[in-house]
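Sending over a structure as structure tokens; questions will come in a sec.
The values are calculated or read from the model by the stated rules, or taken from the named source; none is laboratory data. The structure displayed is predicted, hence computed values, not measured ones. Reconstructed Cβ throughout: ideal geometry from the backbone, glycine too, with neighbour counts over all protein chains shown. To get the accessible areas, we keep the full protein, side chains included, count just its heavy atoms, and leave off ligands, DNA and RNA. Shrake-Rupley method; radii C 1.70, N 1.55, O 1.52, S 1.80 Å.
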Amino acid sequence: MRRFVVAALGGTLAGILATTQIAGPLIAQESDRQASVYEQLDLFGDIFERIRAQYVEEVDEGDLIEAAINGMLTSLDPHSGYLAPDDAAQMRQQTRGEFGGLGIEVTQEEGFVKVVSPIDGTPADEAGIEAGDFITHVDGESVLGLTLDAAVELMRGPVGSEIIVTVAREGESEPFDVSIIRDTIKLTAVRARSEGDTLVMRVTTFNDQTYPNLKEGIEKEIEAAGGLDNVNGLVLDLRNNPGGLLTQAIRVSDAFLEKGEIVSTRGRDASDGERFNATPGDLIDGKPLVVLINGGSASASEIVAGALKDHRRAIVVGTKSFGKGSVQTVMPLRGEGAMRLTTARYYTPSGRSIQALGVSPDIVVEQPRRRPGETEEEDARRNRSEADLRGSLNNDSLSEDEIRQIEDDRAAAEAAAQLREDDYQLAYAIDILKGLSALAPGE
């Protein structure tokens, strides 16, 4: 018994010694870190006072503090930053679907402003700005070395005013200038239309109106088609969609999924992770679905494409997406400002992060550059047929109804051919749905 007590006391003593030996250095390290932080803050205070007292021109203390805060945030990643009160108010307007500007989503790469995507129907889109373009100068002033927010501030201005941006584009030997007239950007979140028997939903952004617009557009087009039985499928066009609200990406994905995970987010701590699942209900009752993406499809667009691809609910067509797989949380601050901070990465249902990798399409389809204008004579020569030959025989074996049906089919084929000229990727997606419809078992 004595040996047991002695052993126990020995174990306790060893435990106390081990705890002291381990915890002591840890406490010391933590204390050293705190001392270092306070020293750095003192250094910041010294620099602040020196600038305020000795800089060649008088400076605004508030601007200095804002610049310091923004510098701290932008040093983390391209998507974190400080939003001054005016910027925070503009961001809230943007999520509601109306704001002033050029109509481009941008990021920063190699010191220059890179266009993630132009927004459909905006001044930048109409001026020919493309996803992947680099903006090197604004009104002749270089953006190299500026923070992203500072570069964006250069591009802001009164509605109706002109801005000249210098663009460097892959495939072009020299940068070139583009004139853009600033305007109020009113986003139409979803544009719905039909191409033959196919519904086409063009989703331009993910704001508060996206899911309601999508649902309404689908219902109207189905009604116009005379019912879902007359529809062969749907094309969800997410090309050049820079993203937006995570909640709307989840709702749009859920619109076509009956069950299963849509997306998960993981922060620094495992306990901060969230998982979002689909609920029963499919707006098109399981009809075939094709999703179109390209290098301008980012963030929320990639959540939707990734979820529908991983669940094999859709065929993804186009080119690799942008690869923005991080979640930003906007945190209100005193004085009406806000902080945009990257707080998590998001993952597709298969557990794969798309950060810097993007979503790869099931079928890679490049959008060919427009061919130089072909003359009408060359076009007519290429499409000449037997019926165009002088003195050709008539077909006397068809009734008027059969001839009318052939003419209707020919008109549809010509419309499809024209669509290939106008938008090859969309035409390819529609052809896939036609093929799937042709293979479907007869009822």
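Ordered by packing density, taken as the mean number of other Cβ atoms within 10 Å over each peptide's residues, highest first, how do 295-307, 32-44, 354-366, 158-170 rank?
Output ranking for 295-307, 32-44, 354-366, 158-170: 295-307, 354-366, 158-170, 32-44.
Counting only protein heavy atoms and using a 1.4 Å probe, what share of the accessible area of the range 173-220 belongs to carbon plus sulfur, as a whole percent?
Working: 950 of 2280 Å².
Solvent-exposed carbon and sulfur of the range 173-220 make up 42 percent of the total.
Here's something else I'd like to know. Which shape class, rounded, prolate or oblate, goes with the range 66-157 when its Cα gyration tensor gives a ≥ b ≥ c as root eigenvalues, a/c under 1.5 marks rounded, and past that a/b bigger than b/c marks prolate? Each step should come with its number before you reach the end.
Working: a/c = 1.78, a/b = 1.17, b/c = 1.52.
Oblate is the answer for the range 66-157, as a/c is 1.5 or above yet b/c matches or exceeds a/b.
When a/c is below 1.5 the answer is rounded, else prolate if a/b is larger than b/c, else oblate, so apply that to the range 178-267 with a ≥ b ≥ c taken from the square roots of the Cα gyration tensor eigenvalues.
Details: a/c = 2.28, a/b = 1.15, b/c = 1.98.
It comes out oblate by the Cα gyration axes.
Based on the mean of other beta carbon atoms within 10 Å per residue, what is the order of 330-337, 249-256, most packed first?
Values: 330-337: 12.1, 249-256: 23.6.
In decreasing order of mean packing, 330-337, 249-256 become 249-256, 330-337.
Rounded to the nearest 10 Å², what accessible area does M201 show when all protein chains are kept and the probe is 1.4 Å?
Only protein atoms counted, so the area is about 0 Å².
Just the number, please: percent antiparallel of the DSSP beta bridges in the range 245-378, rounded to the nearest 5.
So the antiparallel bridges in the range 245-378 amount to around 70 percent.
Beyond 24 Å between alpha-carbons counts as too far, so tell me which of K220/K309; K186/K320; K220/K287 fall in that bin. Numbers along the way, then the final one.
Details: K220/K309 26 Å; K186/K320 28 Å; K220/K287 16 Å.
The pairs that break the limit, which is 24 Å between Cα atoms, are K220/K309; K186/K320.
Give me the net charge for the shell around P175: Cβ to Cβ below 13 angstrom, other residues only, Lys and Arg +1, Asp and Glu -1.
Numbers: positive: R169; negative: D133, E170, E172, E174, D177.
After counting each charged neighbour, the total is -4.
If you don't mind, another one. Starting from the 7 Å offset along Cα-to-Cβ, what nm value, one decimal, do you get for the label separation of E66 and E258?
Between E66 and E258, the simple spin-label model gives 5.4 nm.
Here is a follow-up. Using mean Cβ contacts within 10 Å as the protection proxy, how do 127-133, 84-90, 50-56 order, highest first?
Values: 127-133: 18.9, 84-90: 16.0, 50-56: 9.1.
Final packing ranking: 127-133, 84-90, 50-56.
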